[in-house]
1. Can you tell me, using C-alpha contacts under 8 Å and at least 6 residues apart, the relative contact order of segment 66-177 as a whole percent?
2. Please order 176, 119 by the number of other Cβ within 10 Å, starting at the fewest.
3. Sorted from fewest to most neighbouring beta carbons within 10 Å, what does the list 56, 112 look like?
4. Sorting 143, 72 on the 10 Å Cβ count, fewest up front, what's the list?
5. Got the relative contact order for segment 53-112 handy, in percent, Cα pairs under 8 Å and 6 or more residues apart?
6. How much of the DSSP beta bridge set in segment 83-199 is antiparallel, as a percent to the nearest 5?
């Protein structure tokens, strides 16, 4: 009798181990599928963003600080970043300079990431992220506009900015405005250039 119980227990254990391995493999398979889905959504979103104006390249803190200093950002200033990506620029402007920030971003994944980062940094009350196309969305009132877009997008947005904001400062990371705006100040930061424009 005791031998039969031992045999039954060992059979149950073997079955449990087999079942556990199968379940484990199933869990791993599901996790891999989830990761692949997330990656494919992200790649698709980034690819769509590239064709609409600029790829997502986060602005590093030294460049962000240089832009804020060129624009003389003060507490309460309204800063708008067109094509804000993950809101790197806005987070520093809000947290270190006290700016009230609005970011406009086409990519849904980056909009979610930007909002999440604003909450993590404790500045979600100062940073608003709007999902939309910078060439079509209603642009809010602002004191400073920040741009980090490819040249063709810079050309396309310049006329719209000139009509909507005749008296604002425009800060540009690397790429130039060439439709008549004059660069008032420039500052080299690493391999990049921060520029301040006025109409």
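1. Working: 198 pairs, mean separation 31.5, N = 112.
In percent, rounded to a whole number, it is 28.
2. 119, 176
3. Least crowded to most crowded, the residues run 112, 56.
4. Final ranking by Cβ density, sparse to dense: 72, 143.
5. Relative contact order here is 36 percent.
6. Numbers: 11 of 20 bridges.
Looking only at bridges with both residues in segment 83-199, the antiparallel portion is about 55 percent.
Where a number appears in this text, it was derived from the coordinates with a stated rule and is not lab data. Keep in mind the model is a prediction, meaning the values are calculated, not measured. Quick reminder, even Gly has a Cβ in these numbers, built from the backbone with ideal geometry, and neighbours come from all protein chains shown.
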